[in-house]
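Okay, so here's the structure we're looking at.
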There are 2 protein chains.
Amino acid sequence: MFVMPKKNRTRLVRAAMGEIPCDLTIENVRIVNVITGGTFPGRVDIIDGVIAAVRQPNSGDPRRGATVLDGKNAFLAPGFIDTHMHVESTMLAPENFGKAAVVWGTTTVVTDPHEIGNVAGIKGIEFMLRSAEKSPLRQYVLAPSCVPAAPSVERSGACFTADEISRLLDRENVLGIAEIMDYLGVCHDDARMHAIIGEGLKRCAFLQGHAPGLSGKELCAYLAAGPQSDHECHSRDEILEKAGLGMRINARASSIADNAKAAAEAARSMRWNDMISICTDDVHAKDLLKSGHVNHVAGRLVEEGLDPVLAIRMGTYNAATEYGFADLGAIAPGKVADLQLLGSLENLGMEKPVSVFVAGKLVAENGAPAGGKPGQAWYEQENTVKLPQIGSPADFDLRAPEDCGKAANVVVINADLAEQLSPDYRAQRASLPVRNGKVRIDDPERLQYICVANRYGAGGRTIAVVSNFGLTSGALATTISHDSHNLTVVYTDSASAFAAAKELERVGGGICVAKDGKVVDTLRLPIGGLMSPLPVEELAAEIDRLEDALSELRSGKRDDVLLRASVLALPARPGVIITDRGVVFGDDLSWIPVFD
Amino acid sequence: MFVMPKKNRTRLVRAAMGEIPCDLTIENVRIVNVITGGTFPGRVDIIDGVIAAVRQPNSGDPRRGATVLDGKNAFLAPGFIDTHMHVESTMLAPENFGKAAVVWGTTTVVTDPHEIGNVAGIKGIEFMLRSAEKSPLRQYVLAPSCVPAAPSVERSGACFTADEISRLLDRENVLGIAEIMDYLGVCHDDARMHAIIGEGLKRCAFLQGHAPGLSGKELCAYLAAGPQSDHECHSRDEILEKAGLGMRINARASSIADNAKAAAEAARSMRWNDMISICTDDVHAKDLLKSGHVNHVAGRLVEEGLDPVLAIRMGTYNAATEYGFADLGAIAPGKVADLQLLGSLENLGMEKPVSVFVAGKLVAENGAPAGGKPGQAWYEQENTVKLPQIGSPADFDLRAPEDCGKAANVVVINADLAEQLSPDYRAQRASLPVRNGKVRIDDPERLQYICVANRYGAGGRTIAVVSNFGLTSGALATTISHDSHNLTVVYTDSASAFAAAKELERVGGGICVAKDGKVVDTLRLPIGGLMSPLPVEELAAEIDRLEDALSELRSGKRDDVLLRASVLALPARPGVIITDRGVVFGDDLSWIPVFD
């Protein structure tokens, strides 16, 4: 991470006056004015990483800088700021994520290291901060508020109380508390959330909200409690209500959610839309490589009818005011020189910038990071996958209750989350044959076994049945399993499940495909079982290869099967969830017995 | 001053949820939404001085508060915030200023105690803070940056170096550094201004600018050095250039300056005009009583074509963002309940609010401060007027050089400042007869004597001749004499000058009119020779009486004669200036000999 440049005021002032030469002059550009709107021809002089002067043509310009870049009439905009994202979703280490994002014009991100926090606690977040320092862009961190998401029904690798939050908030580059998801806890002044938020309020830190659908008195209570933003809005009216009460709204177009249409409609319905900024939330490696980052969301907003200067303002200036970044998000004297040179404003979502600067330093040019092809990211080898409870294939057998006779009534997890979202959704069950004490699945095209096993050495696992997953043979195992990231295995036979689980234990986590009791392919994610040290192109190729291997075991075309496997254990959603401790109903966290 | 209410989050959240009753419900109002624009019908619930909920009609409202105010369909807006003002200009103590301003809907002011700072140093500013605590509105202070304005040519009662600024910045309710007027010093990185600004930057404090006409490289240098705002813009284009570079612009309609037309034109020319807030700068007691305060500026902006919701946003939300007041400037859950109930939005500049609340407490109703008629303000009796060098009327004689013969060529200060503003303006001179060693004025309708005497006990005085002042007999003496507030006397005869000066020494300062060697009337300003302990109505009546007395000694109708007398010694302006140390040319602070 580039720290903020330390300003030498004497040099800045003298450079502005033309008394000493600047380091860099970017001239012959159309400057995107995100403060009062519009574009104007001009030139920017930079010294010590800071903008000393913004000059209009024929203003009797002082001498140019030591280096002069001819912008050839391209647009010079501030670098994009991402108001909310999880680096872990890219499966890249922060170091290589930075190199992958900066080519799209992103120069600052505020990250929620919630996933690694669940796996490795404060140590994991310290890794994110250290890895980020090796990246070309500015990566700030928010302290994850919900580790684990539902302490009563699952066990993760760490548990954050107000103490841990307090320790994190006192670290450099930790700006506040990340998406405060437990909005019911907040609205009912639950003691744990009260204490965690209190640590943020004490420090006047940023309190990031997460309040899907919240309205009326609950919204008032949530805002009165402290959270300042929301990135979960689905409709124009939801945005209007929230923004009108001073809540910052993060327009989002991630790999798994897109509210750009609602955000654009809301922006058009509001007289002043400075409450709207941009976040990417979850972007997968392949999308980051092919579709972009904050620019992709800005492009989506343009597609939905906003003009590019407004979309850029949302992705720069509005984001900076959300966080109180006085020195970022605009092109003006005294601001840090985070800049992107854009060939056009009409293709934000498609075209990479001609060049990108962070604190006046060239970090990307013509779509490639400066400094050559990225290599493997630095990380400390530590295997976080510990499965003492898995000793043989039999440990994946679904054992029926002793007295059940020849058939058992088993709970079925529906992998189609859209079906689970119906408000009267309840657990489905299936009567399945029992042989030798084990529940058998006769139609593996329709149903498969699912196991969620604690992977932090605490032992324990839950085995049930899954529908609508689409696996026809073998096993898919993953250590990406939100939010606790235990081991989730979907399988048709115990031998394949065992092979995949043991492979992931051996390599320190990742995603593994096995068939006939043998490993077919493995995506190694040795950093907490979540991230790869590979650069984005190589990782994307590995994902492609894994998906090819997986498609051999599948019926139908489920492009999101990896994602689907990773959210079956997520308790922060409605519907039926399977954790390392059992099967649970997400709406009220009540237990559901596997067998009737 | 009301301090910020300490939020009890549990009570706030429970009140928002309707689980406990609020203190106050204001219902049946049209809420002015300054965040995203517009007005909407609704109700506001307040507890512990903080807004717990903003509810729309028929939203299944929880029970109402212990007190219920029926707004009768009036408009509920946030209280006004004044971004820059000098309480001393009102001649009221902060305690009584607060009572006078709050009836116009002002609930927060950021003041520059520059005048009392010049008179009494840090002790004077401490008085302002303590007096403010007795007032019903929130009065923050900025540390005056230029005490005295021109140390090389005048002596005031105090001198602030970076040390004093540092001590002030560490005090509660001191938010930053006030109007940094020495823009040439800033642009040339002068050591004193560098050190003073450094104290602010060190603390991330607010740095208020003052940069009349600054443009191009000097503007860039000034912004790069740190100042964030300007209230001296005169034209649309000046505002566009400054705001486009991120400078906060304070629209102003004071008793002595009005840029509302330029501000409104600029606002219409900018796509986003959130850089524009409102300040009153210098408002005299009579104007405060009759024309209003921030509302007057908002009204002027409406007269110039802006719509009232935008004008209110400038006077509330934009001001709050300028200072980073996260809890002020809007009506939303968690914000402090600073509110004004307005009968209409069309008469901002004329009509007083129906009621005004600061932190949920009623502070004004139907144009009168709550708690009854204000009395005398508290202050500590201390006479700051010390004139050891004035012992007899002869001390006001203008003594000619010994060798000058029967006539002397004397410098003439032109009291018409507009004439002095011409760029090639130079000192005027007059050849006047000398009798008994004294310069005589034969035509007292055209020329009078002027004396500026140090009034802090250091001795020293300068006597010269003034034109275009309009006094025909007697003397006008004042201890309001910007920025050092020495004693300025304009007179036709030494006996009257002596009588007036000695009267002001006796009463501790103020403004005195004398004739034929006798005092005719005195406006006592015993608080630093600048402020009266009287409430605004009584002070306004005293000013009327003094002006009547003064009009007896004047030719023509010069309504601003008191102001005119108070700026002849101001070195921070172009033209010819008289200080306690001599006559000086303001543009370059070079000395001008009184006699050729």
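The values are calculated or read from the model by the stated rules, or taken from the named source; none is laboratory data. Bear in mind that the values here come from a model prediction, so they are computed numbers and not experimental data. Note that we place each Cβ from the backbone using ideal geometry, even for glycine, and neighbour counts take in every protein chain shown. When the accessible area is computed, the model is the full protein with side chains, heavy atoms only, and any ligands, DNA or RNA have been set aside. Shrake-Rupley method; radii C 1.70, N 1.55, O 1.52, S 1.80 Å.
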Indicate the residues belonging to the range A:325-363 that lose 30 Å² or more of solvent-accessible heavy-atom surface (probe 1.4 Å) upon moving from the chain alone to the assembly of all protein chains, ignoring ligands and nucleic acids.
A:Pro333
Evaluate E = 1/(1 + (r/R0)^6) for B:Arg271 and B:Thr67, where r is the Cβ-Cβ distance and R0 equals 45 Å; express this FRET efficiency to the nearest 0.05.
0.55
Relative contact order in percent for the range A:314-364 (Cα pairs under 8 Å, 6+ apart) equals 25
Within the range B:159-233, which GluC sites (Glu not before Pro) sit in a loop by DSSP and count at most 12 neighbouring Cβ atoms inside 10 Å?
B:Glu172
Once each part is reduced to its C-alpha centroid, what is the distance from the range A:272-315 to the range B:196-229 in angstrom?
33
Once the dipole of the range A:147-248 is set up with Lys and Arg at +1 and Asp and Glu at -1 on Cβ about the Cα centre, which of A:Met181, A:Gly213, A:Ser152 lies farthest towards its positive end?
A:Met181
So what's the projected area for chain B, the Cα convex hull averaged over all directions, in nm²?
26.2
For helix A:114-133, report the angle its Cα long axis makes with the longest principal axis of the Cα atoms of chain A; keep it between 0 and 90° and round to the nearest 10°.
30
Assuming 0.692 mPa s and 37 °C, estimate D for the range A:438-485 with Stokes-Einstein, Rh taken as the Kirkwood radius over Cα pairs, in µm²/s.
271
If you take the Cα atoms of the range B:125-195, find Rg, then find the Kirkwood Rh from the mean of 1/r over all pairs, what is Rg/Rh?
1.02
Any idea which of A:Ser555, A:Ala453, A:Val584 is furthest toward the positive side of the dipole for the range A:437-584, if Lys and Arg beta-carbons carry +1 and Asp and Glu beta-carbons -1?
A:Val584
Put +1 on the Cβ of every Lys and Arg and -1 on every Asp and Glu Cβ in the range A:282-416; which of A:His296, A:Gly315, A:Ala370 then has its Cα farthest towards the positive end of the dipole?
A:Ala370
For the Cα atoms of chain B, what angle does the longest principal axis make with the long axis of helix B:494-507, in degrees from 0 to 90, nearest 10?
40
Rg followed by Dmax, in Å, when the range A:446-580 is reduced to its Cα trace:
13.5, 37
Pair-distance profile P(r), taking every C-alpha pair of the range B:416-518, with 5 angstrom steps and integer %:
2, 12, 20, 23, 19, 13, 7, 2, 0
Roughly how many Å² is the accessible area per residue of the protein assembly as shown, as a whole number, for a 1.4 Å probe?
34
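Quickly estimate the mean residue ellipticity at 222 nm for chain A, helices only: each DSSP H run with n ≥ 4 gives -39500 (n - 2.57), and the total goes over all residues, rounded to 500.
-8000 deg cm²/dmol, from helical runs alone.
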Using the 7 Å Cα-to-Cβ label point, sort the distances from A:Glu537 to its equivalents in the other copies shortest first and give them in nm to one decimal.
8.2
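If the only charges are +1 at each Lys and Arg Cβ and -1 at each Asp and Glu Cβ, what is the size of the charge dipole of the protein assembly as shown around the Cα centre, to the nearest 20 debye?
680
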Looking at the range A:1-83, which trypsin sites (Lys or Arg not before Pro) are in a loop (DSSP not H, G, I, E or B) and have at most 10 other Cβ atoms within 10 Å?
A:Lys6
Once you sort the root eigenvalues of the Cα gyration tensor of the protein assembly as shown as a ≥ b ≥ c, which label holds: rounded (a/c under 1.5), prolate (a/b larger than b/c) or oblate (the other case)?
prolate
Excluding ligands, DNA and RNA, the carbon-plus-sulfur percentage of the accessible area of chain B with a 1.4 Å probe reads 48
Rounded to the angstrom and largest first, Cα extents along the principal axes for the range A:504-596 equal 43, 30, 24
Here the relative contact order (percent) of chain B, from C-alpha pairs under 8 Å and at least 6 apart, is 14
Could I have the simple spin-label model distance between B:Asp588 and B:Asn383, label points 7 Å from Cα toward Cβ, reported in nm to one decimal?
4.3
Length gain on complete extension for the stretch A:Asn173 to A:Ala407, per 0.36 nm per residue less the alpha carbon to alpha carbon distance?
78.5 nm
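With +1 assigned to the C-beta of every Lys and Arg and -1 to the C-beta of every Asp and Glu, and no other charges, what is the dipole magnitude of the range B:1-86 about the Cα centre in debye, to the nearest 20?
200
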Would you mind listing how long the range A:367-487 runs along its three principal axes, going by Cα atoms, in whole Å with the largest first?
66, 37, 27
With the label 7 angstrom out along Cα to Cβ, how close does A:Thr472 come to the same site in each of the other copies, in nm, nearest first?
11.3
List the residues of the range A:224-245 for which accessible area in the full set of protein chains is at least 40 Å² lower than for the chain on its own; 1.4 Å probe, protein heavy atoms only.
A:Ala224, A:Gly244, A:Leu245
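Over the range A:280-414, calculate the relative contact order: mean separation of alpha carbon pairs under 8 Å at least 6 apart, over the residue count, as a percent.
Across the range A:280-414, relative contact order equals 14 percent.
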For the range A:15-149, count all C-alpha to C-alpha pairs, find those more than 22 Å apart, and express that count as a whole percent of the total.
51
Could you give the length gained on full extension between A:Ser344 and A:Ser555, defined as 0.36 nm per residue of separation minus the Cα-Cα distance, in nm?
71.6 nm
Enter the angle in degrees (range 0 to 90, nearest 10) between the Cα long axis of helix B:260-269 and the first principal axis of the Cα atoms of chain B, meaning the one along which they spread out most.
50
Report, to one decimal in Å, the Kirkwood hydrodynamic radius for the range B:553-596 based on all distinct Cα pairs.
11.7
Between chains A and B, total accessible area buried, probe 1.4 Å, no ligands or nucleic acids, nearest 100 Å², roughly 4300
For the range A:3-19, list whatever residues lose no less than 10 Å² of accessible surface once every protein chain is in place, relative to that chain by itself, with the probe at 1.4 Å.
A:Arg9, A:Thr10, A:Leu12, A:Val13, A:Ala16, A:Met17, A:Glu19
Might you report the magnitude of the Cβ-based charge dipole of chain B about its Cα centre, with Lys and Arg at +1 and Asp and Glu at -1, to the nearest 20 debye?
1120
Using per-residue counts of other Cβ atoms within 10 Å, averaged over each peptide, order A:581-592, B:242-253, A:322-333 from highest down.
B:242-253, A:322-333, A:581-592
Kindly identify the range B:111-152 as rounded, prolate or oblate by the Cα gyration tensor criterion: order the square roots of the eigenvalues as a ≥ b ≥ c, call it rounded if a/c is under 1.5, otherwise compare a/b with b/c, prolate if a/b is larger, else oblate.
prolate
Which shape class applies to the range B:293-357: rounded if a/c is under 1.5, otherwise prolate when a/b exceeds b/c and oblate if not, where a ≥ b ≥ c are the square roots of the Cα gyration tensor eigenvalues?
oblate
Can you list the copy-to-copy distances for B:Pro21, using a point 7 angstrom from Cα toward Cβ, in nanometres, shortest first?
7.6
For the range B:71-212, report the translational diffusion coefficient in µm²/s to the nearest whole number, using Stokes-Einstein at 25 °C, 0.890 mPa s, and a Kirkwood Rh over Cα pairs.
156
Between the range B:350-397 and the range A:74-149, how many Å separate their Cα centres?
55
